[in-house]
Amino acid sequence: MSSTGKIAIIGVGNMGEAVLAGLLKAGHAPADVLAGVRRPERATALAETYGVAAVDPAEAAERAEVLVLGVKPYQVVDLLGGLPLRAGQLVVSLAAGLTTAAIEAALPAGIGVVRVMPNTPSLVGEGMSVIAGGATASAEQVTLTESLMAAVGAVATVPESQLDAAAAISGSGPAYVFYVAEALVEAGVHLGLPRAVATQLVTQTLVGSSLMLRETGEHPAVLRENVTSPGGTTAAALRVLENAGLRGTLLDATRANRDRSREIARGHM
Ligand SMILES: NC(=O)c1ccc[n+]([C@@H]2O[C@H](COP(=O)([O-])OP(=O)(O)OC[C@H]3O[C@@H](n4cnc5c(N)ncnc54)[C@H](OP(=O)(O)O)[C@@H]3O)[C@@H](O)[C@H]2O)c1
């Protein structure tokens, strides 16, 4: 058994499976990772694919020290009510919008709660997980969560008050990027490129630009200036984007996202 004890992923859908696969890839032994699922056919599939024990959620909670919750936000409180929990365990919630206080209120005393806002690139090991510890979580439990989530990408820890803002940037961010990708592919087709070629050009340009940002550590404005010759073609295109107010639109879009998170948290579904 690892020093963290057994880790159970309870609710193994898209995000739960990404974490499960990432932990195994990062070197956790299959014997130290459990899947907590409610459907026998899902249990069989997970056991066959990953070689982990896939059991019902109550047994997973009984056998593990760390419980990663991958169910939908509205299912979390009901799920916790049915689990045999004990002091000393750590609950890591992946649920968007559900505060640590709301989760703590559904738990017996002595259980630490840490909230994570993941994103879908976790599915390819390039996720961004933003982490916030609740009132009952120890510093060690936050550190442990950071090391677990590092299995599916980068991690950043913030105060919980900043988590809605982080969700508006990285949690939903892939949707904005895919939206831009979709529009650029269409633009390529309008300019006469075959769709497959346009898709390849856009995909690789996004990958390459993202890697340049990460690997050079340069400010994005510097990288943009490097491809903007005075009076040139890129400058002509950027002027159109400026005139269309893209910068202000992104400010408004992320603010709308953050405000919607707050509404949902207040129960305005
Ligand atoms: N996807 C994202 O981009 C994203 C981003 C940030 C946060 N999140 C959070 O990640 C969490 C999971 O999202 P997802 O996209 O992975 O959803 P998902 O694919 O629908 O997965 C949810 C899983 O929970 C399982 N489940 C539900 N009730 C259960 C129970 N009582 N016992 C055991 N398993 C149960 C479901 O199993 P069945 O197959 O049996 O229904 C399903 O596999 C959500 O809380 C979401 O807010 C997702």
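Please work out the FRET efficiency for the pair Ser147 and Lys72, using the Cβ-Cβ distance as r and a Förster radius of 22 Å; give the result to the nearest 0.05.
Rounded to the nearest 0.05, the efficiency is 0.30.
Mean separation of Cα pairs under 8 Å and 6+ residues apart, divided by the residue count of the chain: what relative contact order is that in percent?
13
Counting only C-alpha contacts under 8 Å and six or more residues apart, can you give the relative contact order of the stretch 71-132 as a whole percent?
Relative contact order here is 31 percent.
In degrees between 0 and 90, to the nearest 10, how far off the longest principal axis of the chain does helix 139-149 point, with axes built from Cα atoms?
On a 0 to 90 degree scale, this one is about 60.
How far is the Cα center of the stretch 203-244 from the Cα center of the stretch 102-117, in Å?
Cα centroid to Cα centroid, the span is 43 Å.
Expressed as a whole number of Å, what is the distance separating the alpha-carbon centroids of the stretch 12-90 and the stretch 155-173?
With the stretch 155-173 and the stretch 12-90 each reduced to a Cα centre, they are spaced 24 Å.
I'd like the antiparallel share, as a percent to the nearest 5, of DSSP beta bridges with both residues in the chain. Intermediate values should be presented prior to the final figure.
Details: 4 of 28 bridges.
In the chain, DSSP labels about 15 percent of beta bridges as antiparallel.
Based on the Kirkwood radius over alpha-carbon pairs, what is the Stokes-Einstein translational diffusion coefficient of the chain at 20 °C with 1.002 mPa s viscosity, in µm²/s?
Numbers: Rh = 20.5 Å.
Answer, rounded: 104 µm²/s.
Per residue of the chain, what 222 nm ellipticity follows from adding -39500 (n - 2.57) for every DSSP H run with n ≥ 4, rounded to the nearest 500?
-15000 deg cm²/dmol
Over the stretch 7-163, what is the mean sequence separation of C-alpha contacts under 8 Å (at least six apart), divided by residue count, expressed as relative contact order in percent?
The normalised contact order for the stretch 7-163 reaches 20 percent.
Could you pull the Rg and Dmax for the stretch 173-265, using just the Cα atoms, both in Å?
For the stretch 173-265, the Cα radius of gyration and maximum Cα-Cα distance read 15.7, 48 Å.
Of all alpha-carbon pairs in the stretch 7-163, indicate the percentage at a distance above 23 angstrom. Each step should come with its number before you reach the end.
On the way: 3459 of 12246 pairs.
In whole percent, the long-distance tail amounts to 28.
Only the coordinates and a few stated rules stand behind these numbers; no lab work does. Values in this document were obtained by computation on a predicted structure and should not be read as measured data. Every residue, glycine as well, gets a Cβ built from its backbone with ideal geometry; the counts of neighbours run over all protein chains shown.
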